[in-house]
Amino acid sequence: LGRMEIDPLRARRDDHIGGDLKVESVLGQGATSRVLRVRRGSDDRSYALKCSLGEDHDPRLCQEAAVLRRLHEGEDGASGRARNIVRLVEERTIAGRTCLLLTLAGEHTLHRELATDGVVSLDYAMRYGEQLFEALEALEDQGIVHRDLKPANVGVGTAFKGKKQLTVFDFSLAGAPLTELEVGTSAYRDPFLRLRGVWD
């Protein structure tokens, strides 16, 4: 008898899922998905695997995939406007669950860096600011609103020549109607949204 496929929500370190993915760690879990760090056998590279918690959350993951495809369509990755935004590698179904295989956003989040190291230097503040504005410009070009931009949804990694680079991730709310004003993290929401009645 063939072995049953392991549910990504139950997978542990060193488990093999989806045929060619080896679980390295759990990166996090939110209201709609669990995210694993996995290594793909075909290229021996690490990725983030975002797994739906249930069928009712599948549409949100599918919307996120569509948003990321739109952002990176026709880009070469290294010099594109959306280079500071996580990339979709592929959509998969593993053990009946909708999953997104994504590039890693970094070694840790900006939230963790600020909590561990405190306020960044002026040099890094300028660099991080430029990278975030570039990501926002790429979103603006496509008419996409992230809806939950905060330090916990920004990864920090090492890019070309050892320089730190920010990468925006978690586009699970990008497809929410603009009239839904309560989505996202309240501490980072525009306090005047209610007066305008629509996310703008």
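Taking Glu73, is it open to solvent by 40 Å² or more (accessible area, probe 1.4 Å), among the acidic types (Asp, Glu) and without any contact (Cβ under 8 Å) to a residue 12 or more places away in the chain? Taking the combined requirement at face value, the residue satisfies it.
Got a number for residues in region 165-183 being in contact (Cβ under 8 Å) with a residue 12 or more places away in the chain and either touching a strand residue (DSSP E or B) at 6+ places or on another chain (Cβ under 9 Å) or open to solvent by 30 Å² or more (accessible area, probe 1.4 Å) (or both)?
Going residue by residue through region 165-183, those that are in contact (Cβ under 8 Å) with a residue 12 or more places away in the chain are 165-176, 178-181, 183.
Those left that are additionally either touching a strand residue (DSSP E or B) at 6+ places or on another chain (Cβ under 9 Å) or open to solvent by 30 Å² or more (accessible area, probe 1.4 Å) (or both): 165-172, 175, 178-180.
Residues that pass the stated criteria total 12.
Sub-6 Å Cβ pairs linking a first residue in region 9-36 that is closer than 13 Å to Ile94 by Cα and β-branched (Val, Ile, Thr) to a second residue that is open to solvent by 20 Å² or more (accessible area, probe 1.4 Å) and not in a loop (DSSP other than H, G, I, E, B), at least 6 apart or interchain, number zero. In region 111-159, of all residues being open to solvent by less than 20 Å² (accessible area, probe 1.4 Å) and hydrophobic (A, V, I, L, M, F, W, C), the one that is farthest from Pro191 (Cα to Cα) corresponds to Val156.
Considering only residues that are hydrophobic (A, V, I, L, M, F, W, C) and at pLDDT 95 or above, look in region 106-121 and name the one that is nearest to the chain's Cα centre (by Cα). Talk me through it step by step, then tell me what you get.
Start the filter on region 106-121 by keeping residues that are hydrophobic (A, V, I, L, M, F, W, C), which leaves 110, 114-115, 119-120.
Within this subset, residues satisfying the condition of being at pLDDT 95 or above are 110, 114-115.
On the way: Leu110: 13, Leu114: 19, Ala115: 20 Å.
Out of the qualifying residues, it is Leu110.
In region 29-43, is there at least one residue being surrounded by fewer than 14 Cβ atoms within 10 Å (Cβ to Cβ), at pLDDT below 95 and in a strand (DSSP E or B)? The answer is yes; a qualifying residue exists.
For region 114-137, check the following and say yes or no: at least one residue is among the basic types (Lys, Arg) and either under 14 Å from Arg81 (Cα atoms) or in a helix (DSSP H, G or I) (or both). Checked against the condition, which is being among the basic types (Lys, Arg) and either under 14 Å from Arg81 (Cα atoms) or in a helix (DSSP H, G or I) (or both), region 114-137 yields at least one hit. Name the pairs whose Cβ atoms lie under 8 Å apart, with the first residue in region 115-132 and over 15 Å from Pro151 (Cα atoms), the second assigned to a helix (DSSP H, G or I), and 6 or more positions between them or separate chains? Cβ pairs passing all conditions: none.
Arg83 meets all of the listed conditions (1) touching a residue at least 60 places away in the same chain (Cβ under 8 Å); (2) in a loop (DSSP other than H, G, I, E, B) but one, namely (1). Picking from residues in region 163-200 that are within 21 Å of the chain's Cα centre (by Cα), part of a loop (DSSP other than H, G, I, E, B) and of a type in the set (S, T, N, Q), the one that is nearest to Val35 (Cα to Cα) is Ser172. Quick check on region 58-69. Is at least one of its residues closer than 23 Å to Arg147 by Cα, at pLDDT below 95 and assigned to a loop (DSSP other than H, G, I, E, B)? No, that holds for no residue.
The values are calculated or read from the model by the stated rules, or taken from the named source; none is laboratory data. This structure is a prediction, so every number in the text was calculated from the model and none was measured. Positions of Cβ are generated from backbone atoms using ideal geometry, with glycine treated the same way; all protein chains shown enter the neighbour counts. Remember, those area values only see protein heavy atoms, side chains included, never the ligands or the DNA or RNA. Shrake-Rupley method; radii C 1.70, N 1.55, O 1.52, S 1.80 Å.
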